[in-house]
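> Okay, here's the structure, questions in a sec.
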Amino acid sequence: MMMQEQIRAEAGGTVLCDATLAPAPDAHWFDPAYWRERGALHALDGGRGGVAVIDTPAGAGVLRHYHRGGLVARFNRDRYVWTGADGTRSFAEFRLLARAVALGLPAPAPVAARYRRHGLFYTADLITRRIEHARTLAQCLAAGRLDADLARETGALVARFHRAGIWHADLNAHNVLVTGEALYLIDFDRGELRTPAEGWQLANLARLHRSLLKLGAAKLIPGFQAAVWEPLLYGYERTLGA
Ligand SMILES: Nc1ncnc2c1ncn2[C@@H]1O[C@H](COP(=O)(O)OP(=O)(O)O)[C@@H](O)[C@H]1O
Ligand SMILES: [Mg+2]
């Protein structure tokens, strides 16, 4: 069942959360200083710096401020053009995650999303539930733990989302989390619901392939294609058709 949303406008921005959360997150939750003063802010290694772990009354969360990448980043680091509340990065990602979780897919549960308007622009933040004891697939690769089994599980993971029509805009090895029990997809910024179709599904896989190669997989793993990439495709195909 989809969650009941609560949206509240405050001086510190407009906050979207699950209406059943008590206490309800407010705009302070998106301010790292608020958690730091309470000794509840922790850096997260492996991230690009825009992400922190926070101990909230709702449990451990991950707080992310939306940043631009690439060339525009130099001029406009974290401002996006306002097109309405539903068009904000944070509200869109919150809702996509809520849908994924409602479908039983392994994605972090959304805790709260915020936007702040600045004239024609807005800035945005998101809090998700922390997935404990996780490493990224990139870290597994570097640690020599990316074998055929993990590759098959990764393929199956991606296929489950694709079957549900969930397109991931940035499917790379840093956005796959691995715990002792399960695998998760994270970071659904700009992701969207699409009608399942081979074109975008293969493009998602190609992106993951490029990411692994960029991290040196072909040099780190002898016979990478047969040892890892083919099992990954096999796991994908088998789950997609299941
Ligand atoms: N819910 C979460 N649980 C555990 N770790 C997370 C979670 N969300 C993000 N991370 C960690 O933070 C890193 C960066 O987060 P991500 O959402 O991918 O943002 P970005 O890629 O924009 O920096 C991830 O690669 C992962 O290591
Ligand atoms: Mg990421």
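> Would you check if there is a residue in the stretch 158-177 being within 15 Å of ligand 2 (Cβ to nearest atom), over 14 Å from Tyr236 (Cα atoms), in contact with a Cys (Cβ under 7 Å, 6 or more places away or on another chain) and modelled with pLDDT of 95 or more?
no
> Can you work out which of the residues in the stretch 6-23 that are touching a strand residue (DSSP E or B) at 6+ places or on another chain (Cβ under 6 Å) and modelled with pLDDT of 95 or more is farthest from Ala173 (Cα to Cα)?
Step one: of the stretch 6-23, the residues touching a strand residue (DSSP E or B) at 6+ places or on another chain (Cβ under 6 Å) are 6-8, 13-17, 19.
Filter again for modelled with pLDDT of 95 or more, leaving 6-8, 13-17.
On the way: Gln6: 33, Ile7: 33, Arg8: 35, Gly13: 33, Thr14: 32, Val15: 30, Leu16: 29, Cys17: 29 Å.
Here the answer is Arg8.
> Then there is this: Inside the stretch 1-110, counting only strands (runs of 3 or more DSSP E) that do not spill past its ends, which hold 2 or more residues that are under 22 Å from Leu183 (Cα atoms)? Let's see the steps before the verdict.
Values: elements: 5-10, 13-18, 41-43, 51-56, 59-65.
Qualifying strands (runs of 3 or more DSSP E): 51-56, 59-65.
Residue-wise test of (1) in contact with a helix residue (DSSP H, G or I) (Cβ under 7 Å, 6 or more places away or on another chain); (2) outside the structural domain of Gly235 (by TED's automatic domain parsing); (3) within 13 Å of ligand 1 (Cβ to nearest atom); (4) under 26 Å from Gly223 (Cβ atoms).
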site	(1), (2), (3), (4)
Ala143	no, no, no, yes
Asp149	no, no, no, yes
Arg152	yes, no, no, yes
Leu171	yes, no, yes, yes
His174	yes, no, yes, yes
Thr179	no, no, yes, no
Asp187	no, no, yes, no
Ala197	no, no, no, no
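> Let me ask something else. Which of (1) farther than 23 Å from Val178 by Cα; (2) β-branched (Val, Ile, Thr); (3) crowded, with 24+ Cβ neighbours inside 10 Å is the odd one out, the single condition Val158 does not satisfy?
Val158 satisfies every listed condition except (1).
> Condition (residue is over 15 Å from Ala9 (Cα atoms), surrounded by fewer than 13 Cβ atoms within 10 Å (Cβ to Cβ), in the same structural domain as Gly59 (by TED's automatic domain parsing) and touching a residue at least 40 places away in the same chain (Cβ under 8 Å)) applied to the stretch 80-95: is it met by at least one residue?
yes
> If you check every pair at least six apart or on different chains, which have Cβ atoms under 7 Å apart with a residue in the stretch 165-191 that is closer than 22 Å to Ile127 by Cβ first and a residue that is polar (S, T, N, Q) and within 11 Å of ligand 1 (Cβ to nearest atom) second?
Within 7 Å, the pairs are His174/Thr136; Val176/Thr136; Leu177/Thr136; Leu185/Asn175; Ile186/Asn175; Asp187/Asn175.
> So, of the residues in the stretch 178-199 that are more than 14 Å from ligand 2 (Cβ to nearest atom) and not in a loop (DSSP other than H, G, I, E, B), which turns out to be surrounded by the most Cβ atoms within 10 Å (Cβ to Cβ)?
Taking the stretch 178-199 and keeping what is more than 14 Å from ligand 2 (Cβ to nearest atom), we get 178-183, 192-199.
Still in the running and not in a loop (DSSP other than H, G, I, E, B): 178, 183, 192-193, 198-199.
Numbers: Val178: 22, Leu183: 19, Glu192: 13, Leu193: 12, Glu198: 9, Gly199: 8.
In this case the residue turns out to be Val178.
The values are calculated or read from the model by the stated rules, or taken from the named source; none is laboratory data. Because the structure is predicted, anything quoted here is derived from the model rather than measured. Neighbour counts are summed over all protein chains in view; Cβ atoms, including those assigned to glycine, are modelled from backbone coordinates with ideal geometry.
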